[in-house]
Amino acid sequence: MKAESIGSLASYESINTGWSIQGFSRCTTTCSSIRARRCIANSVWRSLSVVAALLSLAVIGVCDQSLAESPLQPKVTAPFTELDTLCVNDWWNRPASRIVETRVPRDEVIAFGIYTVSSGQLKLSAQLFPLYPDESRTVRLEIKHDESWSEVARATVNDLGWSALFRVPNWDTTTDIPYRIRHGVKAVYEGLIRKDPVNKREIVVAALSCNSSNDRGLRPNYVRNINHQNPDLVFFAGDQSYDHRQHTAAWLKFGLQFRDVFRDRPCVTIPDDHDIGQPNLWGEGGKLATRKDSSDGGYNFHPEYVRMVDRCQTAHLPDPYDPTPIDRGIGVYYTSLLLGGVDFAIIEDRKFKSGPAGKIPQQGPRPDHVTKPDYDPKALDQPGLILLGERQLEFLEQWARDPSQVAFKVLLSQTSFCGGPHLHGPNQERLYADLDSNGWPQSGRDQAVRLLREAGAVHLAGDQHIAMLIEYGVDRYRDAGWSFAVPAIVNSIYSRWWRPLGDAPGANRDPDEVLPWTGDYLDGFGNKITMHAYANPETSSQGAGYGLIRFDKPTSQVTFECWPRDADVTQSDAKQFPGWPRTATILRSRAAKN
């Protein structure tokens with residue numbers, strides 16, 4: 001400990017205890033003899049307490065200095081530099097971070113667990129805070145039966161990202177099973193593996209996206225509301241982290257914010273552009289991006305960093321449909337999850353997508369922003385451009401045509417298959433088209449939406465920083481399924497508005513709509529869309545909130561709810577955003593009818 005720190009503490013303690021030589025003298029001259037003796041004793045006691053505190057802090061300072069100067073060497077050296085520095089290599093020598101404190105008490109080293117169960121297999125990721133070189137890299141999974149705990153699996157913690165994956169086959173999906181993750185002697189994290197809700201009439205999904213670092217606090221409103229509504233599945237559609245170069249620390253913070261939502265229920269998390277450290281992502285099959293804005297396509301950062309992000313966020317998902325890595329060894333995770341009679345497809349709608357730079361005529365100051373009002377949308381749809389890629393299209397084809405009897409099919413992905421908001425950012429700049437959206441390239445968009453139509457699927461996504469309930473059209477309006485892009489968890493960093501040119505209402509608008517700009521529109525790429533509801537940021541929550549989707553199996557109806565961040569759903573007068581809830585009847589897929 002530095003001498004000036006001790007001196008500062010002594011000054012602080014002198015002020016707050018009243019102890020000083022002058023104070024001691026005043027006691028002896030102004031008090032009666034008995035009171036003087038008491039005052040002297042108290043002053044001496046306070047002075048001894050200060051000395052003891054100073055000695056304790058000095059010892060702590062020596063210990064901290066000893067640790068910092070100790071010969072500890074990391075067990076694994078990260079293959080990347082200037083990335084994840086708070087959690088790799090000699091992480092214990094890093095200064096305190098505003099993201100999260102990584103030097104936790106060792107009985108708290110397990111941050112959280114996150115899981116899914118599908119096809120009789122439990123996959124559970126244990127997320128730890130960084131471990132010191134001399135600490136065990138083994139974590140244990142125990143389950144409880146008849147008031148007795150038994151170990152069912154062990155896993156090894158990866159020093160890059162500090163996660164470990166448990167696999168337990170032949171899982172009993174007919175009963176709720178308590179679990180706990182253990183590390184060492186004292187560290188324990190507990191939760192519940194829920195039984196498959198296959199016999200429930202209604203399957204409920206909570207969907208969230210865009211957890212901006214503009215607010216680093218906890219998320220008590222979300223935790224209270226979601227736990228009260230008790231969904232069967234929680235879906236985080238991407239941008240769980242906005243700390244581009246510090247994913248592990250930000251992922252730990254995300255876990256602290258939301259672990260009480262998913263410790264007791266299955267959860268799907270998929271990374272988006274900010275999670276892997278980019279403002280936008282057009283993955284182009286894993287190649288290296290050469291432009292700082294990555295608009296030429298590919299990834300800016302080291303492939304092991306990208307693999308680490310994917311591992312932490314998606315290892316607990318069901319096994320990939322085709323696990324073959326893409327370029328530079330980057331993995332894939334697109335897959336399906338069957339829960340409660342609902343068949344969820346989980347895709348990666350950025351990983352194979354073409355970047356715009358150099359491939360289409362630039363229509364504004366950025367390759368991905370169209371700001372020229374006289375542009376030709378058809379000129380943006382050039383031959384050879386890719387959206388989902390052949391591998392994912394093959395997967396969606398198989399998924400859409402699977403004849404298994406399920407109540408609903410639901411697609412989970414990062415963003416919508418259309419252009420959405422018109423005004424962007426703090427200056428409300430009008431973009432005629434945003435090539436970060438999945439409305440582009442149009443040919444790839446139409447391929448994907450036709451498969452959604454064939455499956456009779458509902459599409460849940462995020463990313464847009466605005467809640468939008470849209471019905472897709474391909475050959476005609478309203479012929480290709482419903483899409484719900486949920487609002488941002490925190491929406492104070494980059495808001496967006498749905499505001500058509502001239503404030504024009506859409507065609508075939510329902511006159512009973514409470515929102516003015518609904519009905520049939522063409523988006524900025526010429527795609528057919530029908531806007532049913534939106535939540536612009538002129539609200540007390542700035543448009544921040546989450547979606548709750550209720551799938552009623554006997555009626556084939558889906559109810560879309562959209563809750564503001566500052567709502568309290570435990571109160572009877574809690575209100576959703578204007579325009580919600582909305583209920584739609586979903587046509588069964590062709591395969592289900594046969």
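Quick notes on this structure:
- With contacts taken as Cα pairs under 8 Å and at least 6 residues apart, the chain reaches a relative contact order of 11 percent.
- Spread of Cα-to-Cα distances over 10 Å intervals beginning at zero, given as percent, for region 73-196: 12, 41, 28, 15, 3
- When K372, K75 are compared by accessible area of protein heavy atoms, the largest-first order is K75, K372, using a 1.4 Å probe.
- Remark: region 217-291 carries a charge dipole of roughly 200 debye about the Cα centre, counting +1 on each Lys and Arg Cβ and -1 on each Asp and Glu Cβ.
- Label corresponding to Rg and Dmax of the Cα atoms in Å when calculated from the structure given, among (1) 39.0, 144; (2) 27.8, 102; (3) 66.5, 225: (2)
- Placing unit charges on the Cβ atoms of the charged side chains and taking the dipole of the chain about its Cα centre, the candidate lying farthest along the positive direction among L72, S336, A155 is L72.
- Positive end of the dipole of the chain (Cβ unit charges, origin at the Cα centre): among C562, T175, G285, the Cα lying farthest that way belongs to T175.
- With R₀ fixed at 35 Å, the C-beta to C-beta distance from H228 to S492 puts the FRET efficiency at about 0.90.
- Derived scalar couplings ³J(HN,Hα) [region 108-117; Karplus, 6.51 cos²θ - 1.76 cosθ + 1.60; whole Hz; x for Gly, Pro]: 10, 6, 8, 6, 5, x, 8, 8, 9, 10
- Relative contact order of region 239-311: 27 percent, from C-alpha pairs under 8 Å at least 6 residues apart in sequence.
- Amide N proximity, region 368-384 versus L501 label position 7 Å along Cα-to-Cβ, cut-off under 20 Å: 368-381
- H302 - accessible surface, heavy atoms, 1.4 Å probe, Å² rounded to 10: 70
- Checking the Cα-Cα distances for K253/K409; K200/K409; K351/K372; K351/K378; K287/K528 against a 22 Å cut-off, the pairs over it are K253/K409; K351/K372; K351/K378; K287/K528.
- Sites K75 and T570 - FRET efficiency at Förster radius 41 Å, r taken between beta-carbons, to 0.05: 0.30
- Label-to-label distance, V104 versus E151, with points set 7 angstrom from Cα along the beta-carbon direction: 2.2 nm.
- Dipole moment magnitude, nearest 20 debye, the chain about Cα centre, only Lys, Arg, Asp, Glu C-beta charged: 1320
- Options T415, G524, P500, ranked by Cα towards positive dipole end of region 397-551, top entry (Cβ charges): T415
- Helical runs (DSSP H, four residues minimum) scored at -39500 (n - 2.57) apiece and divided by the length of the chain put the mean residue ellipticity at 222 nm at -7000 deg cm²/dmol.
- Taking region 328-371 and dividing mean pair separation by its residue count, relative contact order in percent (alpha carbons under 8 Å, at least six apart): 21
- Count of lysine pairs in region 73-196 with Cα separation under 26 Å (8 or more residues apart, or interchain): 6
- Protein-only accessible surface order, largest first, of K253, K351, K359 at 1.4 Å: K359, K253, K351
- Between E82 and K144, residue separation times 0.36 nm minus the direct Cα-Cα distance comes to 18.1 nm.
- Shown here for region 430-509: trypsin sites (Lys or Arg not before Pro) in loop regions (DSSP other than H, G, I, E, B) with at most 10 other Cβ atoms within 10 Å, namely R476.
- Loop-located GluC sites (Glu not before Pro) across region 76-139 with a Cβ neighbour count of 16 or fewer within 10 Å are E82, E101, E135, with loop assigned by DSSP.
- Stretching the chain fully between S443 and Q382 yields a gain of 21.1 nm (0.36 nm per residue, less the alpha carbon separation).
The values are calculated or read from the model by the stated rules, or taken from the named source; none is laboratory data. Remember, predicted model here, so these are calculated numbers, not experimental data. Neighbour counts run over all protein chains shown; Cβ positions are idealised from the backbone, glycine included. Just the protein is used for accessible areas: all its heavy atoms, side chains included, with ligands, DNA and RNA removed. Shrake-Rupley method; radii C 1.70, N 1.55, O 1.52, S 1.80 Å.
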